[in-house]
Amino acid sequence: MSTSMTPQITNPAALDGDGLGCHSGEKQLLAAAQSAGKSATLEQYAKDYPKGPHDQPQSMCPAFGSLRVGLRMRRTATVLSGSACCVYGLTFTSHFYGARRTVGYVPFNSESLVTGKLFEDIRESVYKLADPAAYDAIVIINLCVPTASGVPLQLLPKEINGVRIIGIDVPGFGVPTHAEAKDVLAGAMLKYARNEAEQGPVQAPRAGRGDKPTVTLLGEIFPADPITIGMMLEPMGLAAGPVVPTREWRELYAALDCVAVAALHPFYTASCREFDAAGRTIVGSAPVGHNGTEAWLQAIGNAANVGQEKIDAAKNRMLPAIKGALSKMPVKGRITLSGYEGSELLVARLLVESGADLRYVGTACPRTPWSDVDRQWLEAAGVHVQYRASLEQDLAAMREFKPDLAIGTTPIVQAAKEQTIPALYFTNLISARPLMGPAGAGSLAAVVNTALHNKGRFETMREFFAGVGEGYAAGVWEDTPHDRPEFREQYKRQIVKLQKKGNAEAMI
Ligand code: SF4
């Protein structure tokens with residue numbers, strides 16, 4: 001069991017921000033974390049995940065990305081350390097998205113946080129969980145408040161009874177999107193596995209090692225896509241390797257043991273650092289559409305030192321079928337597109353190749369070298385590409401381009417529907433379908449075309465609901481409410497006054 005190594009928590013002031021991480025108090029939490037020994041971690045995050053026009057996450061809690069990666073792995077326990085409200089939301093979302101594993105939680109209160117007892121509790125829970133018959137790894141995720149107060153997960157043992165212990169900080173004030181939080185955990189696991197592989201022999205893949213060199217696929221893609229990619233690679237004498245984030249610890253070794261890495265999703269900066277350290281060539285973009293697939297096959301073939309004859313054989317096998325699928329299912333209409341999954345530029349390319357009049361693509365993820373090819377291609381096609389897009393930028397694009405279809409996040413879809421613009425949720429309806437090869441072309445066009453034909457239904461609904469529940473009169477009322485702009489003004493003045501008073505007191 002644990003020894004009595006209670007660390008000094010250097011910044012109890014972090015408690016002032018308890019539960020406020022998403023909405024306010026970001027600067028205080030950041031300053032608290034820096035003075036509580038988390039500077040190095042936060043500096044690395046600032047380099048890996050540079051912020052954009054807004055400094056708060058505008059989508060779900062970023063930690064969901066790390067949690068999801070942990071929960072999807074076999075023989076892995078994932079434990080949260082954070083405020084109860086955050087843990088409630090994260091657990092709810094995990095199960096909403098079909099997690100079939102338990103979310104672990106080490107609760108805390110002001111006293112256990114300030115005295116360092118929380119670290120002791122985490123340590124104790126890790127020792128209790130570390131059963132090698134049940135687990136390969138235990139992941140502990142510090143949320144906003146424990147990160148801000150410096151709960152030192154790095155002091156946990158690296159391994160207990162053969163079970164690996166991975167402690168990571170994933171605060172909303174340091175990791176901007178849930179996409180990048182996937183990278184925080186995937187990168188930490190790859191680093192651990194790379195060190196293990198450097199020390200000596202490691203476990204082989206469950207199905208054994210194949211005889212062909214493999215290409216590791218970086219990014220959570222639709223389950224059919226790796227099969228399509230495998231078929232594309234076959235004429236080059238290559239095979240599709242594991243998908244990272246992996247579903248099992250031993251796949252990490254196989255992922256590192258590749259001839260090249262396909263960064264299909266371009267935001268895995270920490271993971272790419274590990275592949276780079278292992279000496280692997282990383283290729284950006286993905287085999288989407290005709291042009292995208294042709295360029296990708298060439299880049300992968302070059303990275304894997306495959307002769308041009310074989311690369312051409314791979315192209316000849318796939319490209320005619322993709323061309324056929326694209327021309328069979330054309331997309332006609334003006335579209336704006338935005339999302340926070342990191343695959344937005346790939347979807348955008350496919351839409352343009354399908355014939356769509358795409359004007360804008362916004363992604364919450366940052367610009368990285370691995371999406372440069374896609375950005376250049378889209379810009380040459382006249383599409384505005386916005387990295388680290390804010391909700392306001394996405395909404396402004398919709399107002400400016402007046403699309404026939406808006407693909408976006410929940411608030412974009414809501415705003416579009418209010419304006420009788422047909423809309424599709426990017427996360428649930430677009431990113432959860434195949435994108436690669438002929439299957440990708442056909443599948444995307446089918447859902448987009450169905451939505452494009454919905455304009456008439458939206459207009460009928462607007463007529464039917466006209467005048468009901470808009471603006472200040474939203475809701476169900478016995479009498480239609482009267483607008484009282486003077487009350488709002490009065491209330492605003494009161495709040496400003498209170499804020500000024502609070503600031504003045506804080507300065508005393
Ligand atoms: S952990 Fe997530 S939900 Fe909680 S305060 Fe931080 S960003 Fe918000």
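Summary of values
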item: Residues Thr460, Thr293, sorted so that the one with the fewest Cβ neighbours within 10 Å comes first; result: Thr460, Thr293
item: Diffusion coefficient, µm² s⁻¹, Stokes-Einstein with Kirkwood Rh over alpha-carbon pairs of region 438-484 at 37 °C and 0.692 mPa s; result: 238
item: Charge dipole (region 12-176, unit charges on Cβ, about Cα centre) - positive-most of Leu67, Cys144, Ala32; result: Leu67
item: FRET efficiency estimate (nearest 0.05) - Cβ-Cβ, Glu459 to Thr480, R0 35 angstrom; result: 0.90
item: Length added when fully stretched, Glu400-Lys323, from 0.36 nm per residue minus Cα-Cα; result: 24.5 nm
item: Reciprocal mean inverse distance between Cα atoms of region 214-324 - Kirkwood radius, Å; result: 13.9
item: Glu198 versus Arg247: modelled label distance in nm, points set 7 Å from Cα along the beta carbon direction; result: 3.0
item: Three-way shape call for region 167-245 based on the alpha-carbon gyration tensor, with the a/c threshold at 1.5; result: oblate
item: Added length on full extension, which subtracts the Cα-Cα distance from 0.36 nm per residue, Glu309 to Ala381; result: 22.9 nm
item: Shape box of region 125-284 [Cα atoms, principal axes, largest first, Å]; result: 53, 35, 28
item: Where labels lie 7 Å past Cα in the beta-carbon direction, separation of Lys332 and Glu234 in nm; result: 3.6
item: Cα-based radius of gyration of region 371-481 once divided by 2.2 N^0.38 Å, which approximates compact folds; result: 1.30
item: Semi-axis lengths (Å, descending) of the ellipsoid that matches the C-alpha gyration tensor of region 12-176; result: 24, 18, 15
item: Relative exposure of Cys86, Cys144, Cys365, judged by other C-beta atoms within 10 Å (fewest first); result: Cys86, Cys365, Cys144
item: Kirkwood Rh in Å, taken over all unlike Cα pairs in the chain; result: 24.7
item: Full-stretch length increase - Val447, Gln414 - with 0.36 nm per residue and alpha-carbon distance subtracted; result: 10.0 nm
item: Out-of-range pairs (alpha-carbon distance over 20 Å; input Lys27/Lys500; Lys27/Lys191; Lys38/Lys500); result: Lys27/Lys191; Lys38/Lys500
item: Cα extents of region 117-206 along the three principal axes, largest first (Å); result: 39, 30, 21
item: Beta bridges by DSSP in the chain, antiparallel share as percent, to the nearest 5; result: 5
item: Candidate lysines for bridging to Lys310, where Cα separation is under 23 Å - those fewer than 8 sequence places away on the same chain excluded; result: Lys212, Lys323
item: Lys/Arg +1, Asp/Glu -1 at C-beta; region 329-462 dipole; positive extreme among Ser354, Thr409, Val448; result: Val448
item: Which of Ser125, Ser81, Ser110 has the fewest Cβ neighbours within 10 Å, and the rest in rising order; result: Ser110, Ser125, Ser81
item: Histogram of C-alpha separations across region 283-441, 10 Å bin width, %; result: 11, 39, 33, 13, 3, 0
item: Label-point gap, in nm, between Ser390 and Val468 - each point 7 angstrom along Cα→Cβ; result: 3.6
item: For the chain, size of Cβ-based charge dipole, Lys and Arg +1, Asp and Glu -1, in debye; result: 480
item: Helical mean residue ellipticity (222 nm; -39500 (n - 2.57) per DSSP H run of 4+; nearest 500) of the chain; result: -14500 deg cm²/dmol
item: Unit charges on C-beta of K, R, D, E only; dipole of region 214-324, Debye; result: 140
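Only the coordinates and a few stated rules stand behind these numbers; no lab work does. Since this is a predicted model, take the numbers as computed values, not measurements. As a convention, Cβ positions derive from the backbone with ideal geometry for all residues, glycine included, and neighbour counts pool all protein chains shown.
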